[in-house]
Every structure is written in C-alpha cells, then in structure tokens.
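The values are calculated or read from the model by the stated rules, or taken from the named source; none is laboratory data. Just so you know, these numbers come straight off a predicted model, no measurement behind them. We place every Cβ from the backbone using ideal geometry, glycine too, and count neighbours over all the protein chains shown.
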Amino acid sequence: MIERNGKTYYPVIGLEIHAELATQSKMFCECKNDPDEETPNKNTCPVCMAHPGTIPVPNQEAIASMVKIGLAVNGDIANFSEFDRKNYFYPDIPKGYQISQYKYPIVSGGELAGIKITRIHLEEDTATSKHDRGDFSLVDFNRAGVPLMELVTEPVIHDSETVTKFAKELQLLLRTLGVGHANIEKGEMRIEVNVSVSLDPEKFGTKTEVKNIGSVTAAGKAAAYEIERMITLHEAGRVDEIVQETRGWDENKQATFSQRKKENSNDYRYFPDPDLSKMYIHKMFDLEKVKSELPELPWQKRERYAINFGIKEEDIEVYLNDRPIGYWFEEIAEILQDQEKIKLASNYIISDFLGLRKNNEKTIIILPDRIAELITMIVDKEISSRVAKDILAKICIPREEDDMMDLRSPREIAEAEGLIQKNDPDLLKSVAQKIIDANPEKVAEYKSGKDALLMFFVGQMMKETKGSGNPQMIQEILKEMMQ
C-alpha cells in the first residue's frame, strides 16, 4: 500500500510471462528451433506454415520441459491435458488460430520467489512481424510454431521490486533446468505486467496491461510507472481516465503509452484441437523419477552456499547467474575445504578477478588449484594482499608482448620475484631506518602529533620491499622507531 495525502492506495500486480523452450525442433513439426537464425523464413515447413492437409505432432521434449518446470515450482501436474485452438486473425498466425491450452493446462498452482502461480501452459509461438520497411510490413515465420511456455501469476504482487525479483528468478530457473535460455533481448522471454490501483483493499481497480517490455529491469520500471500514473490520476480527480487498455513501454521516455483500448475480454472461441491426441501426463512420465533427477534449484543452491561456504548473498547471486564462474568457484572450494579460505577466495573472485575480466577482454579463468594456492599463501601470511592482487593479474591476463599466459604457479612467481612476505624484524628495521633517514621532516611532523603520517611510512616501506613486507610488523616497527 502507498500513503498519499491522507489516502491509502492499494496497487495490485499480476504477471503473464511467455518463454520459449530450448528444444531442438518446433512444437508440432521437425523444423529447427533456432532463435539466432537471421535468414527470414528459413526454418519453415508445410506444418508450421499451416498448409492445408498438414497434421501437427506434439514435441515430447517440450512436454517434458513443462513437467520439469511444474515440479520445480511445486505445481500440480495434470493427469489429463489437451491442446486447444485459440481463434483469432493476425498476420503472424498463419492458421487463423494458435494451438494453446485453455481448460486443462499442464501445470496448475505452484509458487516461485514467494509468489503464487495460477497456471503454466504450453502453446506455439507466433511468427515475427517486421515493421521497419517503410509503409508496409513483412512476416518472418522462423519463430512460428516454436514451443512457448506461458506462466500466469496470481494478482498478489504489490510493488515493482517484486516484479523484477520474480522475473529474474523465473529466468534463472529456466536456465538452471536447461529448458530455456530466456534472453529477453532475443524475444525468448516476454513479460506482460497487469496493474491496477484501488482505494479499497478488497476490490481491484481498473486494470491495464503493459507489453513490449525489453528487459527484466524495465518490467519493474513499467509497473512502478503505471502505479504512479494511476495514483496521480486518482489525486487529480480524473479516475475516469484510467481505462482497461493495453499499453506499451517506451524505453527512451521511461514511460508507458496507450496502444489500444480493451472494452471487453476477447472471445477466442477455444475448443479442443481435433488433430491432437489427449495427453495423460502421469502415464507419460514417472513424476517421482523426474523430480529426483532435477538439478539443484537456485533456492537450494543459495541455502547450501550460505551454510557450507558462509559467503555474502550478493556473491551467491553472481555465482548463480554466471554459471561458468559458479562452477569455477565450486572447484576452488572443493580444493580449499576450509570456510575461511573459501570466503577469502570468493572475495578475490568477486572483487578482483571479475574486475580484471571487466577491464581486460583477454582475462581468462585459470586452473582452480592455482587460485587455491594463492589463497593458501595469503592465509599462511607468505604473501600480502597487495602481492596477491599482482600475482592474480599475472596468471589471469596474457602478456601483451606475446599474448601468452604466465604459466608459473603463484608460488613460483612469488619466489622468483622476491615477493614472499618478509617477516624478519632485523631486515624490516634496516629498511625502516633507511626510510626514516630519508624523510626527517615527516618524522618530525609525525612526532608532533600527525599520526596519519604513519601510513606514508608504511607505504614507502611496502614500495621498498615490493609489497612483500608484513604490513602489521612494519607498523609496529615504525611506531617503535619513531617514538
């Protein structure tokens, strides 16, 4: 709820999310399912082009993917299900109807990210209309007939942050299960946000549906914009301007805009498709076996990482969403077998390695045992954190002169370049004396009360020892010598 000028507004949001399934072929024919195909109408055949006399055959892999999704969100897997014809005319629907599901979806109920799900059903995707050719449009049928999952949530979301959270979690789940890539920029996942605002917590306000949303972040922004727009109209006494309609999202203006009014719900005249057999899911699949073979789900991995590794929540999210880095981290953790070392390794991966990768396109993931060795040397105080960062850069980024990696281990680099941390008090005292003798004015200032100058001397000593001096020991020696 939102308090505004003495009134309480109750936003209600429901989501409809479509996601293409990453099967080898389309939903009802053998055409290749390839979202990256750029040649128009290449992956087509008489079935997905709706030529007369063609008969669709269901893609078993797509149905299996739906079962996995349903089990993962603890939904009810229907025993009986069927495909229906959803009748409407549009240039991207060659048959004049879309094969979808109406009364008997494969999945009912379930929950994801704390949000209750109404249903998840399976259908075929439409073709793609191209409107960039001037005064006419073209249709590319490569996407026509691709397996498409549609998930509908209950209207139980009340803020834009939850919209973003749910969409990200669904995206992550589909990728974890290996059933979809869910790249929104490719149209593999499409989010529609249904928003209403009411002054009565027991009643819904007039609903708008926002489409053409290009990212997970934009979905949250679109919901926030609509809530604010509706509240503003309420406050201005212009409630009658809130109408049931479809709105689009303008990324440049960061605003929604009216596309078309929806005075009544569309009558799609659903009826069971006579060309497709009924499905008895419980006979087609051993549900207990499928459930037992599901991979570790995102929320399960979060819990394991938090308990076993003790790492930060934001670090866990990086490993969940960047799967190669996640696998790499797990291999390092397996070698280290110590929570404190694992936490330190995670800090270096997130803060330093990912920083190197961001700033240098040649940065590569190196062997886990090398990172484990580097972390062990830090913990054993053989090298300082400054030296560790330098060594990490050496073993992760190829040398510019020959584009070759430094194939030496962290220990070999540290020993060859004199970087092993120096803990010899006599040696450090001699270096300290050299620095003190070279800076008599700053010594006097320090003795007069400018304690912050201590770090100047520490920095000079670290520079003199090439970062290999023990920082704690250096501070203690400097304090003693400059009393």
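Numbers at a glance
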quantity	calculated
Residue match in the stretch 92-107 (condition: in contact (Cβ under 8 Å) with a residue 60 or more places away in the chain and in contact with a Ser or Thr (Cβ under 8 Å, 6 or more places away or on another chain))	yes
Selection status of Trp328, in a helix (DSSP H, G or I), aromatic (Phe, Trp, Tyr) and on the phi < 0 side of the Ramachandran plot	yes
Residue that is farthest from Asp140 (Cα to Cα) [pool: residues in the stretch 1-45 that are part of a strand (DSSP E or B) and of a type in the set (Ser, Thr, Tyr)]	Thr8
Looking only at the stretch 200-229, and only at residues there that are part of a loop (DSSP other than H, G, I, E, B) and of a type in the set (Gly, Ala, Ser), the one that is nearest to the chain's Cα centre (by Cα)	Ser215
Enumeration of residues in the stretch 331-348 that are among the charged types (D, E, K, R) and part of a helix (DSSP H, G or I)	Glu331, Glu334, Glu340, Lys341, Lys343
Tabulated pairs, the stretch 325-342, first farther than 16 Å from Thr376 by Cα, second aromatic (Phe, Trp, Tyr), C-beta under 7 angstrom, 6+ apart or interchain	Ile325/Tyr319; Gly326/Tyr319
Residue ranges of helices (runs of 4 or more DSSP H) in the stretch 409-448 with at least 3 members at pLDDT 85 or above and surrounded by 14 or more Cβ atoms within 10 Å (Cβ to Cβ)	410-416
Hey, Glu16 acidic (Asp, Glu), closer than 18 Å to Leu122 by Cα, out of contact with any Gly (no Cβ under 9 Å at 6 or more places or on another chain) and loosely packed, with under 15 Cβ neighbours inside 10 Å or not	no
Condition check for Tyr90: more than 23 Å from Lys168 (Cα to Cα), in contact with a Phe, Trp or Tyr (Cβ under 8 Å, 6 or more places away or on another chain) and of a type in the set (Ser, Thr, Tyr)	no
Filter result for Arg229 (free of Cβ contacts under 8 Å to residues at least 60 places away in the same chain, crowded, with 17+ Cβ neighbours inside 10 Å and closer than 18 Å to Leu199 by Cα)	yes
Test: residue in the stretch 451-463 that is surrounded by 15 or more Cβ atoms within 10 Å (Cβ to Cβ), outside any helix (DSSP H, G or I), touching a residue at least 40 places away in the same chain (Cβ under 8 Å) and in contact with a strand residue (DSSP E or B) (Cβ under 9 Å, 6 or more places away or on another chain)	no
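Listed here are the residues, each with its yes/no results for (1) over 15 Å from Gln472 (Cβ atoms); (2) not β-branched (Val, Ile, Thr).
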position	(1), (2)
Ile375	yes, no
Val379	no, no
Ile383	no, no
Val387	no, no
Pro410	yes, yes
Ala414	yes, yes
Gly418	yes, yes
Pro425	no, yes
